[in-house]
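The values are calculated or read from the model by the stated rules, or taken from the named source; none is laboratory data. This structure is a prediction, so every number in the text was calculated from the model and none was measured. Reconstructed Cβ throughout: ideal geometry from the backbone, glycine too, with neighbour counts over all protein chains shown. What goes into the accessible areas is simple: the full protein's heavy atoms, side chains included, and nothing from ligands, DNA or RNA. Shrake-Rupley method; radii C 1.70, N 1.55, O 1.52, S 1.80 Å.
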Amino acid sequence: MNTKPITSGLGENAVLITRVADRQWHALDDDLVVGRGHAQHRPDGRLFVTIDAWHDAAFDRLAEAMLAELPAPLYTLVDEADVELTAGWRRAGFTIRRREWEYVVPTDPRATGLDDVLPPPGVTILPAGQADETLLRAVDRAIRDEVEATVGWQSMPAEVIPRPDGDTIVDPSKYAVAAAPDRYLGLIRVVRMKRPRIGLVAVRAGEQRRGIARALLAHALGTLHHSGATAAWAEVHESNQAATALFEGIGARPMSSNLELVR
């Protein structure tokens, strides 16, 4: 641990930057903590940084110290409505890499228009918790490989922490699947914490445009509706026209946007 302060600023109230732990920094003003910085690797290996500071001077000093010690490239996520935070990262040399819209999705079938939606012939929707784990992991891996071979998995908003063996299905009970007799064709993951969140809806490349994604959404949203939830949330990359059309076609409304910045 580096406890030797990095002094920056002028006058009696100089801001002191101290690395208090591995990839953690504090900004001190007259022994008062006025900012905190943190860096963490995401599951895909990218290094993300965050700064929470009381004022611009503390933010800029933290960014200066962190960037001097951390390897590039570095990434961060900000709410696009937070103009001050976005400006701070721009001052530090970060640029916009992608924009992601957060949608609120109604669950009432009368609002979504999904009340009569059924999966295509030969396809069955298995509710969350009923999927065969081997087949579930197989379709998850196949879809990830297909995405990685095209736009790259980093373009997807959803991510989960993989196990040591690389398994990305951390909790199989969160997934409903579209099943054919011999394999799974698609999946949807819904996480219920403070509010229901559709973390992922995806279909194998060769099975798309058959209505499978709509059937998965109809099932998941109908289940939430019956449990008393009036809305769910989902994130969609602004360049993903298919996902945008899918969600807006069932009455989802964009509520906010997040920016991923890179330096």
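Return yes when Glu100 is of a type in the set (Asp, Glu) and either open to solvent by 40 Å² or more (accessible area, probe 1.4 Å) or out of contact with any strand residue (DSSP E or B) (no Cβ under 6 Å at 6 or more places or on another chain) (or both) and no when it is not. For Glu100, the condition - of a type in the set (Asp, Glu) and either open to solvent by 40 Å² or more (accessible area, probe 1.4 Å) or out of contact with any strand residue (DSSP E or B) (no Cβ under 6 Å at 6 or more places or on another chain) (or both) - is not met.
Selection over the stretch 232-251 of residues that are within 18 Å of the chain's Cα centre (by Cα), of a type outside the set (Phe, Trp, Tyr) and surrounded by 16 or more Cβ atoms within 10 Å (Cβ to Cβ) gives a count of 8.
With the requirement that a residue be surrounded by fewer than 16 Cβ atoms within 10 Å (Cβ to Cβ) and within 23 Å of the chain's Cα centre (by Cα), what does the stretch 118-140 give you? Within the stretch 118-140, Gly129, Ala138 qualify.
If you filter the stretch 25-40 down to residues that are modelled with pLDDT of 95 or more and within 24 Å of the chain's Cα centre (by Cα), you find that the one that is most open to solvent (accessible area, probe 1.4 Å) is Arg36. If I ask for residues that are among the charged types (D, E, K, R) and in a helix (DSSP H, G or I), which ones from the stretch 46-74 would you list? Of everything in the stretch 46-74, those that are among the charged types (D, E, K, R) and in a helix (DSSP H, G or I) turn out to be Asp56, Asp60, Arg61, Glu64, Glu69. Does Pro43 fit the bill of being modelled with pLDDT under 95, open to solvent by less than 80 Å² (accessible area, probe 1.4 Å) and part of a loop (DSSP other than H, G, I, E, B)? Yes: the conditions hold for Pro43.
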